[in-house]
Amino acid sequence: MNAITNAVSDDETFEGSGEVLQLVSFQLGPEEYAIDILDVQEIIRMVEITPVPNAPHYVEGVLNLRGKVIPIINLRTRLGLSSTEHTKDTRIVVVDVAHLLLGFIVDSVEEVLRLPEELIEPPPSIGHGRADEFHKGVGRVEGRLLILLNLELLFGVGAVC
């Protein structure tokens, strides 16, 4: 991860009284996504994943992480994006979702940042696409857009079993 940054630049004064979220941002293709840092257990380099027969198409398999077997999700596939080859920047983000430990594969992890709630807009209503229902909102950070994911909907217990 790069550095801890604020979404509000130094020359700008933020008068908001709302909560400030701490997020971990990551890339999937050209898009930047983020999740709450409190959900992240750890971030690891890409390792060998053991395939699981008859698993949903977006489940890459399982991984033994210090004695715990956790499912590994291909986030690109889960969101309906095209797959790509893993690179030296590919990471597995290990999260705790409703007391279920699992990992998901991202192209790269970018940074930990602080984002005032006031800079987050509700997700746009653009139809009934499956990926759209996993968005918590869209944050505006230094001229770029950050898609906030709802891990509970994205990785509900029924989603990986």
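Only the coordinates and a few stated rules stand behind these numbers; no lab work does. Computed from a predicted structure; not experimentally measured. Counting neighbours? That spans all protein chains shown, and the Cβs are built from the backbone with ideal geometry, glycine included.
Calculated FRET efficiency, residue 68 and residue 144, Cβ-Cβ r, R0 30 Å, to nearest 0.05?
The computed FRET efficiency comes out at 0.30.
Against the empirical 2.2 N^0.38 Å (N residues), the range 20-97 has a Cα radius of gyration ratio of 1.13. Ranked by how many other Cβ atoms sit within 10 Å of their own Cβ, fewest first, the residues 49, 72 fall in the order 49, 72. Between residue 45 and residue 31, the simple spin-label model (points 7 angstrom out along Cα→Cβ) gives 2.9 nm.
For residue 101, project a label point 7 Å along Cα to C-beta. Then give me every residue of the range 46-65 with its amide nitrogen under 15 Å of that point. So the set is 62-65.
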